[in-house]
Each structure stands twice: as C-alpha cells, then as structure tokens.
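**Q** There's a structure below that I have some questions on.
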Amino acid sequence: MASFAAQGYFFSRRIRRLTGTYKLTIAYDGGSFAGWQVQSDRKTVQECLQNAIAKIAGQRCNVVGSGRTDAGVHAIAQVASVRIPTWSHSPQTLARAINVHLPDTIVVTQAQTAVDGFHAIRDATGKRYRYQLQVGGPRDVFQYRYRWHLHTAIDVEAMRTAARRMVGEHDFASFQASGSDRKTTVRDVRACDVIIQDSPGIESPGIDSPEIDDRETPDAQVYGGRPEQPALNLAIEVEANGFLYNMVRNIVGTLVAVGRGKYPPEWVADVFAALDRSAAGQTAPAHGLFLLNVDYPSSILTDWHPTASHPS
C-alpha cells in the first residue's frame with residue numbers, strides 16, 4: 001500500500017491537473033447580441049466572455065457553451081466550459097474577475113472547478129427552456145422585449161392538451177428548422193408545461209421553476225386577446241435530453257396554433273407523422289425564449305483546493 005507521503009503526492013498531482021477547468025453558469029439578455037457563437041462582424045456572448053477571460057488570464061481561452069442560442073434568445077442559466085491554465089485563485093474570485101470585464105447584459109452567476117475534459121455540450125444530460133407570452137392587454141413597455149404578444153383569443157386548456165402530446169420519445173423532424181444537419185431527430189421530451197404566471201416579471205428559475213397553475217382561464221377556458229382586457233401572462237416550459245435547432249420555438253408556434261383554434265390538439269399527432277417542418281406551426285419569435293438550466297452529472301465537478309497550484 002502506498003505511503004501517506006506517496007498518496008499525498010498523487011492527490012496533489014490530481015488537484016493540480018483539475019484546477020484549470022471550470023464550469024461557468026451565465027445569464028444574459030440576448031437582445032443585445034447576435035447570438036452565442038463568435039461572428040466576425042457582430043457582437044456575441046461567446047466573444048464577450050472570451051475577451052473578458054483573456055484580460056484576466058493573459059491568454060485566449062476557448063469558451064464552449066452548452067448550446068448556441070440564436071440572436072435575441074436569453075439565458076438565465078447557460079453553462080459553459082473553459083480551461084484557464086494560468087488561473088490559481090478560487091472559482092468565486094474567477095467569477096468576480098470575469099464580470100468586471102463584461103457588459104451589463106452578461107453576468108457569470110457561478111464558477112465551479114470541473115474535472116479535466118469537462119465539455120459543456122458533450123456532458124449535458126438535459127436542458128429546460130421557457131418561452132414567455134402575453135395574451136391580450138396593452139403592450140407592457142417593461143416586458144415587450146421578453147414576451148410574444150398575442151392579440152387573438154387563446155384556449156389555454158387546448159394548448160395544455162396538445163402540450164401533453166409532445167411528452168415522450170418522438171421523432172421531432174417536423175419541429176426542426178430547415179437545413180439542420182443532425183444524426184437523428186429523435187428526442188425525449190420529459191416535460192412540456194403551459195403555465196399561467198401570476199406576475200409579469202421574469203422569475204429566476206434556474207433552479208426553481210414556478211408551480212404549474214392548473215386554474216381554468218377566464219371566460220370558460222378561452223381568453224380573449226383584446227387590448228382592453230387585462231393581460232394574461234403565459235409560459236411554456238420544455239425539458240428534454242436534447243434539442244434540435246429552433247425546436248422549442250417551433251413547438252411554441254404549434255401550441256399557439258392550437259390555442260387560437262386553428263387546429264385541434266389531436267393535430268399534433270399528424271405533425272409528428274409528417275416528418276416535415278411545413279406541417280407544424282410557425283416559429284415563435286426569438287425574444288420570448290429563455291434557456292433556464294442545463295443538467296449535468298455531479299461527477300463533472302471537483303473541489304477547489306486553495307493550496308493547489310495551477311496546471312503547468
């Protein structure tokens with residue numbers, strides 16, 4: 001059996017190896033950016049993060065996000081992996097240092113040390129998105145950038161019935177944006193909830209999603225979308241083991257088509273069977289979509305040790 005000294009040596013070596021890789025949790029207002037991924041001529045979230053880290057690390061580091069959110073899409077808890085070999089301070093100090101160099105519309109809410117090889121895309125086991133809508137009422141000047149404003153009557157119960165048909169393992173080819181290239185379009189949707197929100201504010205669910213409100217909507221389930229009526233704030237939350245390009249926004253557009261009475265809830269089965277994007281509803285606007293959280297196995301995290309030196 002190895003001596004205490006030898007065990008200590010190997011433990012020290014392990015800590016040294018692991019301290020250079022970090023899991024970052026990030027919130028941002030997507031209306032300020034041309035999406036996540038770096039572009040040559042437009043400001044993106046990934047670019048801002050990489051520039052901020054370069055200032056504190058003295059070198060360029062590649063920041064890998066769990067998904068490439070589109071222009072206008074927001075995040076409450078996007079996750080990114082990054083290796084910063086020169087950083088030797090605590091992950092809490094890392095988050096504060098990065099935030100000093102970020103615009104006001106991006107913040108690193110948490111930094112954690114991760115095992116070598118942690119990859120924000122490959123290691124993710126699931127994601128949850130929220131899409132926010134306003135039905136009826138006058139335009140809310142404080143919320144219009146974060147909700148799709150519908151001006152027609154909506155049957156919330158019909159939307160809920162259709163949403164339940166989205167749950168399970170299905171081929172979501174009809175809900176994938178045209179031109180996407182994936183090995184398979186089969187996804188396992190674990191939840192698709194239509195929620196009546198009591199307040200118009202953007203909750204911070206990262207972590208605590210609001211309770212599903214099963215109250216019947218006014219006027220015997222159908223809520224009119226006239227400006228003179230009080231607004232009804234809705235959220236559609238979708239959780240799955242993975243998502244296709246524009247899948248959530250296309251699911252939302254399909255549920256809205258059902259809510260407007262254009263199709264019955266049973267139509268969802270026909271949409272699945274078609275395996276054709278043109279069979280589903282419209283793509284909901286980007287500005288109502290939020291990435292709520294990304295799931296990972298607990299094994300990707302490791303304890304930070306204040307005496308461990310950074311990787312050589």
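**Q** Can you give the local net charge around R190? Use residues other than it whose beta-carbon is closer than 11 angstrom to its beta-carbon, Lys and Arg +1, Asp and Glu -1.
**A** Taking every Cβ under 11 Å from that of R190, the sum is -3.
**Q** Then there's this: For every other residue with a beta carbon closer than 10 angstrom to the beta carbon of N241, add +1 if it is Lys or Arg and -1 if Asp or Glu, then tell me the sum.
**A** -1
**Q** Enumerate the lysines that K43 could reach by cross-link, defined here as Cα to Cα under 28 Å, with residues fewer than 8 away along the same chain left out.
**A** K23, K55, K127
**Q** Calculate, in nm to one decimal, what T93 and A71 gain on full extension: separation in residues at 0.36 nm each, minus their alpha carbon distance.
**A** 4.9 nm
**Q** Could you give log10 I(q)/I(0) at q = 0.13, 0.24 Å⁻¹ for the stretch 20-90, computed by the Debye formula over C-alpha point scatterers of equal weight, without solvent?
**A** Normalising to I(0) and taking log10 leaves -0.35, -1.07.
**Q** Grab the other residues whose beta carbon is less than 10 angstrom from that of L291, score K and R as +1, D and E as -1, and report the net.
**A** +3
**Q** Residue separation times 0.36 nm, minus the C-alpha to C-alpha distance between K55 and L301: what's the value?
**A** The K55-L301 span can extend by a further 86.0 nm.
**Q** Same structure, new question: With the contact rule set at Cα under 8 Å and sequence spacing of 6 or more, what percent relative contact order holds for the stretch 23-145?
**A** About 32 percent, as a whole number.
**Q** To the nearest 0.05, what FRET efficiency results for D276 and R42 with a Förster distance of 41 Å applied to their C-beta separation?
**A** My answer for the efficiency is 0.80.
**Q** Would you mind ranking W148, W267, W87, W36 so that the residue whose beta carbon has the fewest other beta carbons within 10 Å leads the list?
**A** Ordered by Cβ neighbours within 10 Å, fewest first: W267, W148, W87, W36.
**Q** If you don't mind, there's one more thing I want to ask. Could you put K183, K43 in order, starting from the residue whose Cβ has the fewest other Cβ atoms within 10 Å?
**A** Least to most surrounded, the residues fall as K183, K43.
**Q** Using the 10 angstrom Cβ neighbour count as an exposure proxy, how do Y22, Y146, Y245 rank, fewest first? Each step should come with its number before you reach the end.
**A** Details: Y22 26, Y146 20, Y245 17.
Starting with the residue having the fewest Cβ neighbours, the order is Y245, Y146, Y22.
Every number in this text was worked out from the coordinates using simple rules, so none of it is lab data. Everything quoted here is computed from the prediction, not taken from an experiment. Ideal geometry is used to build each Cβ from the backbone, glycine not excepted, and the neighbour counts take in all protein chains shown.
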